[in-house]
Structures are given as structure tokens and as C-alpha cells.
Amino acid sequence: MLESIQEIDKAIKGFLQTELDIAIDRELKKKTQTQKNNLSEQNLNKKRDGLYDKLKSDYESTCWLAEVFNSIQEMQNHQLSFATHTAKGIHTALKTENVISISNTKLPVGLVGSQSIPHLMIDANSNNPGSHSGYLKYIIGFINVEVNGVRIYELIQSENVVMMEFFKKHQQESGFDYLNKLLLKKPLGEQTDGKNKQLLFYQQDGNYTCLIPLYPTSITHYVCQKISNVKYSEVNLQARKNRRENKDPAPYCDMPNLAVTILGGTNSNNVSRLNNIQGGRNYLLPSLPPKISQDREFSLSKFCENFFESKTLKYHIQDDFNYVVQVVKDTRNTIDVRDKRKDAIDRLLHTIFGIAHVLQNKPAGWSKTYALPLAQKIWLDPYRADLDGEAKFADEKTKQEWQKIILQDFASWFNQQLRSTVKELKFDFADAEYNEWQREIEEMQKFYERLGKGVFL
């Protein structure tokens with residue numbers, strides 16, 4: 001329940017403080033990109049204070065509100081359109097109208113829509129996005145401010161008395177009426193555009209029902225923010241880095257096979273204000289059928305003479321190996337490329353070691369009838385050494401020479417696979433790379449041992 005104008009003022013100040021912090025962090029990141037690791041905490045704080053003094057005036061509530069009300073006045077002479085679903089998300093040249101669709105209808109379990117998000121953000125575009133981008137920035141920022149859990153646009157739609165008093169206080173009664181009219185505006189009727197998509201459904205009476213899709217800009221913005229806050233947060237990025245460097249392992253969140261579609265081309269303003277905030281980037285979560293194998297457990301042929309060359313292993317690591325190939329083809333010697341390369345190889349090793357762990361937990365002695373070399377039998381069937389009559393096997397295991405052989409087997413196999421797959425670079429994979437692959441599996445071995453999983457036991 002909104003009881004006073006002071007509550008609105010407080011909410012706006014809180015919103016602006018958050019925006020100021022985001023702007024400072026963004027600028028600080030730009031300024032310290034190349035020297036971040038060399039800057040002391042004192043110097044970082046000094047730079048932060050300097051940015052605060054430089055930017056704070058832009059986020060002072062009185063000045064900011066003046067820009068908001070000026071933007072509202074300026075847009076009254078132009079075609080401003082609010083939306084939760086925008087036509088320009090389908091095609092930037094579309095002339096069909098946007099739609100505000102906010103429903104309290106509960107969806108069945110398993111379905112997600114705009115109804116799933118309470119107090120959804122409102123988007124907007126105009127007939128001249130390039131010229132009006134500054135105005136839209138202030139208007140959209142203002143109407144989406146939350147006051148006691150309710151957004152300002154909702155208070156305007158419901159003609160809240162306190163909100164009306166707020167506009168009256170700033171001598172902006174006409175601005176309130178203008179926003180109220182736009183927020184309550186209904187589409188003129190059934191209309192479409194030659195550039196729009198149309199879906200025709202045949203009816204029993206011989207006629208068709210035509211569905212015209214609109215882009216759900218408000219919910220896609222919500223999803224974009226959610227993914228960015230989870231996947232690309234400082235905490236999550238640091239956890240990923242620690243995992244790559246095998247130090248202080250901690251869980252992190254990942255969203256594999258995430259796709260990105262760019263709306264608006266070089267000018268994301270062409271679509272809408274929220275799309276511009278995202279830089280035109282809209283995330284697509286994978287919607288793929290599950291991979292179902294008839295035999296979920298890894299099965300190794302009794303005639304296989306090298307675990308790494310087994311056809312079954314090749315099948316299970318196909319995706320990881322393809323990613324390695326993709327990364328290796330980038331021959332630039334930069335930190336980002338080297339980190340990607342290491343990450344790709346680590347992913348492959350995690351899969352291989354996971355399969356090895358499955359084999360290690362099979363009944364002791366399973367390898368007796370298999371053609372694997374002794375070193376690989378010791379690795380994949382370690383508890384065989386505890387059985388009666390396996391004194392020689394146990395003795396070889398104790399010597400631990402087999403571990404070096406496993407490292408060499410992996411390095412040789414991996415080098416050969418890359419040479420045969422990445423043919424344009426086949427002469428680049430020589431002794432240096434061989435040693436690098438060996439180091440990678442050694443590091444991964446130590447990592448697993450620290451976790452108590454004991455890959456080599």
C-alpha cells in the first residue's frame with residue numbers, strides 16, 4: 001500500500017544508487033582491464049572515489065527526474081509505444097502495434113510465460129529510435145522503478161492517488177495523463193504487416209485462424225538478466241577460474257549450449273529500449289531431445305587392446321573432443337585462447353576420468369579376460385590386486401610405473417587424434433604438445449586425488 005510521496009522519492013533514490021554503482025563498476029572494469037592484477041586495494045578505491053565524484057551528478061534524483069519529465073514532454077509529440085510484446089522484435093521495419101499483455105492467469109506446471117513473472121518490466125520503442133533513445137532511457141527507467149514491490153507503471157495504470165499527487169507536485173499532470181493513456185491503450189484491431197510472420201490454422205468450417213507472433217521482449221529481458229547474473233557473476237567466474245587452475249575447487253553454475261541471437265543489427269535501439277540495454281543480445285536456452293543410449297553403462301570390448309582407442313570411448317567423448325578441435329584451430333597465443341584450450345582439454349579429461357571411475361567400480365577381476373595392456377588393467381581394475389592368486393598383479397601395482405605409462409598412452413593417443421583430425425595443423429603437434437598433454441592429465445590426476453576421488457588410487 002502506497003501512503004506517501006516520500007515512499008516514491010525513497011524508491012527512486014534507491015534505484016539511482018544501484019544504477020550509479022553499476023555504472024562505476026562498469027567504468028572501473030574498463031579502466032583497470034589491463035592492470036587489475038597490479039593495482040593495490042588502495043589504488044582501486046581511489047579510482048572508485050574519482051568515478052563517484054565524476055558520475056554522481058547524473059544520478060542525483062532532482063536532476064534525473066527533470067530529465068524524466070522533459071523526456072515525457074518531448075515524446076508527447078511523437079509516436080511512443082509501450083509493450084510487453086513488441087512487433088519490432090520480429091522485424092525492425094514492422095508497422096504493426098505493440099501489445100501490453102499482463103495476465104494473472106496461472107499457467108500449468110511446466111509452462112513458462114509472461115504470467116510467470118510478477119511485476120514484469122515494461123518495454124518501449126518509438127517511430128525514431130535513433131533520435132529518441134535518450135528519452136526512452138529516462139522514461140523506461142522511471143516507469144519500472146519499484147515502490148513497495150509495485151512498479152510505477154502499475155501505479156499509473158491504476159490511477160493511484162499518491163502517484164497522481166507525485167506528478168502534481170512536479171507540475172506534470174499532463175505527463176501523468178499521457179503515460180496513463182499509453183499504458184491502457186488497446187490495439188486498434190486485427191492488423192498485420194507484409195513483413196510479419198503469419199501462422200494459419202485450418203478450421204472445420206473451411207476458414208482459417210491467423211496468428212501473428214510478437215516478440216515477448218519483457219520476459220526475454222528477464223531471462224537475459226537472470227542468466228547474466230548467474231552465469232557471468234564475479235563469484236561464478238572466479239569459481240570457474242579456480243577450477244581451471246586446480247585451486248580451491250568450489251561449485252559453480254554453467255549453462256551449456258547457450259545460444260545468442262542479436263536483434264536490431266548494429267543499432268539495437270531499432271527494436272526497443274530493453275533490447276538496447278542488452279546490447280541486442282537475447283539468450284536462447286537449448287531445447288533438444290535427450291541423448292538416449294541402449295546401454296547407459298560404458299561397455300568395453302574384450303578384444304580392445306587400448307582403452308583410449310576403443311570405439312565406445314570415442315562415442316562418449318565425441319562432443320568434448322569436437323570442442324577441443326574447435327579451440328585448437330585458433331592458433332593465436334593469447335591468454336583467452338590458452339585458457340579456452342586448457343578448459344576444453346579439462347572437459348575432455350573429466351569425461352574420460354568419469355568413465356574410468358565407472359570401470360574401476362566394476363567387480364574386482366573383470367579385466368582378467370580382456371586384451372588390455374597390464375598398465376591399463378591396473379588403472380581400470382585396481383581392486384583385482386586384493387584377490388587371491390593376484391600377487392604378481394599387486395606387485396606391479398605397487399611399483400606405480402604403470403601410472404607413467406597411462407600418462408604416456410593418453411598423450412600419444414591425444415596427439416595422434418589431433419594430427420589426424422586437424423590436418424592443416426598436423427605438423428604443429430610434436431614433442432612440445434606431447435609434453436603439454438602429459439602435464440594436463442598429471443594436473444587432472446592430482447586434482448581428483450585432492451578431492452578424494454583417487455583416479456589412480
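The values are calculated or read from the model by the stated rules, or taken from the named source; none is laboratory data. Since this is a predicted model, take the numbers as computed values, not measurements. Cβ: placed from backbone, ideal geometry, glycine included. Neighbour counts: every protein chain shown.
Answer yes or no as to whether residue 128 is within 38 Å of the chain's Cα centre (by Cα) and modelled with pLDDT under 90. Considered against the rule, which asks whether it is within 38 Å of the chain's Cα centre (by Cα) and modelled with pLDDT under 90, residue 128 comes out as yes. Tell me yes or no: at least one residue of the range 66-73 is more than 25 Å from the chain's Cα centre (by Cα), part of a loop (DSSP other than H, G, I, E, B) and assigned by TED's automatic domain parsing to the domain that holds residue 184. The answer is no, given that none of the residues of the range 66-73 is more than 25 Å from the chain's Cα centre (by Cα), part of a loop (DSSP other than H, G, I, E, B) and assigned by TED's automatic domain parsing to the domain that holds residue 184. Residues in the range 402-416 that are under 34 Å from the mean Cα position of the chain (by Cα) and modelled with pLDDT of 85 or more: 413 only. Counted as qualifying within the range 172-245 are the helices (runs of 4 or more DSSP H) with 3 or more residues that are outside the structural domain of residue 140 (by TED's automatic domain parsing), namely 217-231, 234-244. Among the residues of the range 254-284, those identified as of a type in the set (A, V, I, L, M, F, W, C) and assigned to a strand (DSSP E or B) are 259, 260, 262, 284.
Is it true that some residue in the range 84-98 is modelled with pLDDT of 90 or more and within 26 Å of residue 163 (Cα to Cα)? Among the residues of the range 84-98, at least one is modelled with pLDDT of 90 or more and within 26 Å of residue 163 (Cα to Cα), which makes the answer yes.
Which residue is nearest to residue 237 (Cα to Cα), if the candidates are limited to the range 252-281 and must be of a type in the set (Val, Ile, Thr), exposed (fewer than 13 other Cβ atoms within 10 Å of the Cβ) and modelled with pLDDT of 85 or more? By that ranking, first place goes to 260. Scanning the range 232-248 for any residue that is within 26 Å of residue 319 (Cβ to Cβ), of a type in the set (Val, Ile, Thr) and within 21 Å of the chain's Cα centre (by Cα) turns up nothing. Remark: residue 71 matches the filter, which requires a residue to be small (Gly, Ala, Ser), out of contact with any strand residue (DSSP E or B) (no Cβ under 6 Å at 6 or more places or on another chain) and at pLDDT 85 or above.
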